[in-house]
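**Q** Let me begin by handing over the structure; questions about it come next.
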Amino acid sequence: MHQKKLEDYRRDRLDEMTIAEMQEEMRTGRITSEELVLMYKENISLRDKNINAILEINPDAMQIAQSLDFERQRDGARGPLHGIPILIKDNMDTADKMHTSAGSLALENHYALHDAFLVGKLREAGAVILGKTNMTEWANFMSDKMTNGYSSRGGQVHNPYGPFDVGGSSSGAAAAIAANLAAASIGTETSGSIIDPAAQNSLVGLKPTVGMVSRSGVIPLSHTQDIPGAIARTVEDAVSVFAALVGFDPEDPITRMSTDFDGYDWRGHLKENGLENVRLAVTPDLFKEISDEQLAMFEQAKERLKECGAEIIEDVDLGADQEDLGFAVLLHEFKADLNAYLARTNPLNPIRTMDDVIAFNNENSETMLKFGQNLMEQANKLTGMLTEREYVEALERNRFLAAEQGIDATLKEIGADAVLLPQDFGCNVAAAAGFPGITVPFGYTETKEPFGITFFGRAFDEPKLIEYAYAFEQAVKGRKKP
């Protein structure tokens with residue numbers, strides 16, 4: 001950088017700085033939002049060539065930061081995110097100079113007409129939308145052979161920690177924050193796509209209850225299971241970002257369920273003693289494929305949890321496993337939801353249906369079909385009307401097995417507060433139920449691959465999960481930068 005002050009600050013202080021620390025630096029005048037944007041852009045230019053996490057930078061980011069600096073001087077800060085650079089996944093509409101493509105070259109020229117509701121919430125909170133992150137194309141529902149983190153528009157996202165799976169589909173949103181390319185990011189999850197990449201990149205991933213955060217203006221996979229959430233380096237940062245996203249959106253009716261949290265004090269749940277007298281259920285049937293090394297680390301994590309005051313209830317059976325749930329709900333809803341989204345896009349967008357996407361891919365097969373498109377073709381054979389018996393039965397089965405009979409009934413029966421799992425194992429059970437989860441870094445394998453611990457709870461149990469995650473994080477301090 002041309003300014004020695006900023007280069008020294010970027011090199012010596014910026015990495016791993018928390019949102020609260022950035023706010024204090026801006027409050028005291030030691031740094032500005034504009035300078036944060038400049039330093040993060042420098043990090044991106046130097047580091048992202050090895051990671052490939054960023055699809056594009058917001059051309060207006062620096063001027064937005066300047067305006068927020070002016071506002072801070074005149075009126076004070078709006079709140080914890082004022083002037084903070086945030087990255088968002090490339091399936092979120094932004095009514096600005098950036099594209100929204102879900103990682104597909106089929107939508108590489110698509111400009112959204114309106115901000116996604118959650119993007120509007122971030123802007124209202126004073127965040128600077130720094131750019132958009134690469135992702136597994138079409139939220140990893142184009143082909144079952146596609147590698148996590150690959151898209152035709154952006155190529156392959158790489159894990160900053162080494163030659164490990166980067167996780168999907170919020171791959172770029174996680175890799176970017178692990179590499180300190182922004183303060184935090186927004187990902188989306190249908191089944192593991194926040195928890196998995198967060199755990200794989202030694203980050204905190206907060207996947208909310210379906211109904212807590214709006215999905216309108218987000219390129220969909222499944223309206224039953226889709227949910228945006230926060231990815232950050234610390235629990236406190238994830239909570240600060242998550243708090244800005246919560247709210248009722250008339251365009252997404254289920255978010256009316258979030259109104260009990262209007263004005264809620266989320267930071268009040270950052271408690272170092274948050275694990276005292278907490279009972280955590282361990283469900284081995286959900287992590288049968290875990291490696292011996294990861295299992296040993298999970299045993300170590302359980303001992304640390306006990307030291308924090310938690311009780312571990314072993315060998316719990318949820319009454320449902322991942323094979324019971326399948327993905328029929330996702331297949332049926334993908335066509336219906338994607339067609340509805342595309343039909344409402346900018347009139348200049350020639351891609352209006354899933355048929356159009358498949359045709360574009362076939363016409364440009366050398367570029368588009370590196371991994372094929374069997375999942376999209378399978379979904380497109382369905383009616384998209386959601387009247388099929390297979391769909392209705394699958395929806396009822398998933399909700400009953402995962403929610404009522406599974407997590408809800410089991411936790412109540414054994415008197416447990418949450419489910420404890422290694423990494424992203426069991427994600428699709430919580431996803432089918434629409435229930436929240438949070439993952440926290442614990443450590444690294446012998447080969448330096450990140451390993452995290454995940455807590456899942458009942459619907460709207462975010463306050464409790466934040467307490468458990470924060471207490472565990474403070475006790476183990478498991479994250480190291482790559």
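The values are calculated or read from the model by the stated rules, or taken from the named source; none is laboratory data. Since this is a predicted model, take the numbers as computed values, not measurements. Neighbour counts run over all protein chains shown; Cβ positions are idealised from the backbone, glycine included. These accessible areas exclude ligands, DNA and RNA; they are computed on the full protein's heavy atoms, side chains included. Shrake-Rupley method; radii C 1.70, N 1.55, O 1.52, S 1.80 Å.
**Q** With a bin width of 5 angstrom, please list the P(r) values of region 95-202 as percents of all Cα-Cα pairs, from the 0 bin to the one holding the largest distance.
**A** Once binned at 5 Å, the Cα pair distances of region 95-202 give 2, 13, 22, 24, 21, 13, 4, 1.
**Q** What does the accessible area per residue of region 24-160 come to in Å², with a 1.4 Å probe and no ligands, DNA or RNA counted?
**A** 36
**Q** Per residue of region 338-345, in order, report the coupling 6.51 cos²θ - 1.76 cosθ + 1.60 (Karplus, θ = phi - 60°) as ³J(HN,Hα) in whole Hz, putting x for Gly and Pro.
**A** 5, 4, 5, 5, 5, 5, 9, 6
**Q** Using all C-alpha to C-alpha distances in region 349-409, build P(r) with 5 Å bins and read off the rounded percent in each one.
**A** 4, 15, 17, 15, 12, 11, 12, 8, 5, 1
**Q** Also, quick follow-up: If we sort 354-365, 243-254 on the protection proxy, mean other Cβ atoms within 10 Å, highest first, what's the order?
**A** Taking the mean over residues of other Cβ atoms within 10 Å, the ranking is 243-254, 354-365.
**Q** Still on this structure: I'd like the projected area of region 415-466, averaged over all directions, using the convex hull of its alpha carbons. Report it in nm² with one decimal.
**A** Hull-based average projected area comes out at 3.9 nm².
**Q** Mean shadow of region 1-76, computed from the convex hull of its alpha carbons, in nm²?
**A** For region 1-76, the mean projected area of the Cα convex hull comes to 5.5 nm².
**Q** Using modelled amide H (1.01 Å from N, peptide plane; none on Pro or chain starts), what sits under 5 Å from the amide H of ILE453, excluding residues fewer than 5 places away?
**A** GLN423, VAL440, PHE442
**Q** Taking the Cα centre of the chain as origin, sum charge times position over the Cβ atoms of Lys and Arg (+1) and Asp and Glu (-1), and report the length of that vector in debye to the nearest 20.
**A** My answer is approximately 1340 debye.
**Q** If you look at just the Cα atoms of region 203-332, how large are its Rg and its Dmax in Å?
**A** 17.8, 48
**Q** Right, something else. So which GluC sites (Glu not before Pro) in region 282-325 pass both tests, a DSSP loop state and at most 12 other Cβ atoms within 10 Å of the Cβ?
**A** Sparse-neighbourhood loop GluC sites (Glu not before Pro): GLU289, GLU314.
**Q** Determine ³J(HN,Hα), in whole Hz, for all residues of region 256-265 in sequence, where each value follows from phi through the Karplus function 6.51 cos²θ - 1.76 cosθ + 1.60 and θ = phi - 60°; x replaces Gly and Pro.
**A** In residue order, the calculated couplings are 4, 5, 8, 5, 5, 9, 4, x, 5, 8 Hz.
**Q** To continue, here is another question. Return the carbon/sulfur percentage of the accessible area of the chain, one whole number, probe 1.4 Å, all protein chains in place.
**A** 48
**Q** Over 32 Å between Cα atoms, which of LYS4/LYS49; LYS49/LYS145; LYS41/LYS381; LYS306/LYS412; LYS145/LYS448; LYS412/LYS481 qualify?
**A** Distance filter (> 32 Å) returns LYS41/LYS381; LYS412/LYS481.
**Q** I would also like to ask the following. What per residue convex hull volume, in Å³, do the alpha-carbon atoms of region 146-213 yield? Let's see the in-between values first.
**A** Details: hull volume 6.3 nm³, N = 68.
Hull volume over Cα atoms, normalised by residue count, gives 93 Å³.
**Q** Restricting things to alpha carbons, find the Rg to Rh ratio for region 185-276 using the Kirkwood radius for Rh. Don't skip to the end; give the middle numbers.
**A** On the way: Rg = 13.4 Å, Rh = 13.7 Å.
Rounded to two decimals, Rg/Rh equals 0.97.
**Q** Let me ask something additional. Ranked from highest to lowest mean number of other Cβ atoms within 10 Å per residue, what is the order of the peptides 261-273, 369-381, 30-42?
**A** Descending packing order for the listed peptides: 30-42, 369-381, 261-273.
**Q** Hey, another quick one. Can you check how the C-alpha radius of gyration of the chain compares to 2.2 N^0.38 Å, as a plain ratio?
**A** 0.92
**Q** Still on this structure, I have one more. State, in angstrom, two size descriptors of region 354-482 derived from its alpha carbons: Rg to one decimal place and Dmax to the nearest whole number.
**A** For region 354-482, the Cα-based Rg and Dmax read 20.1, 56 Å.
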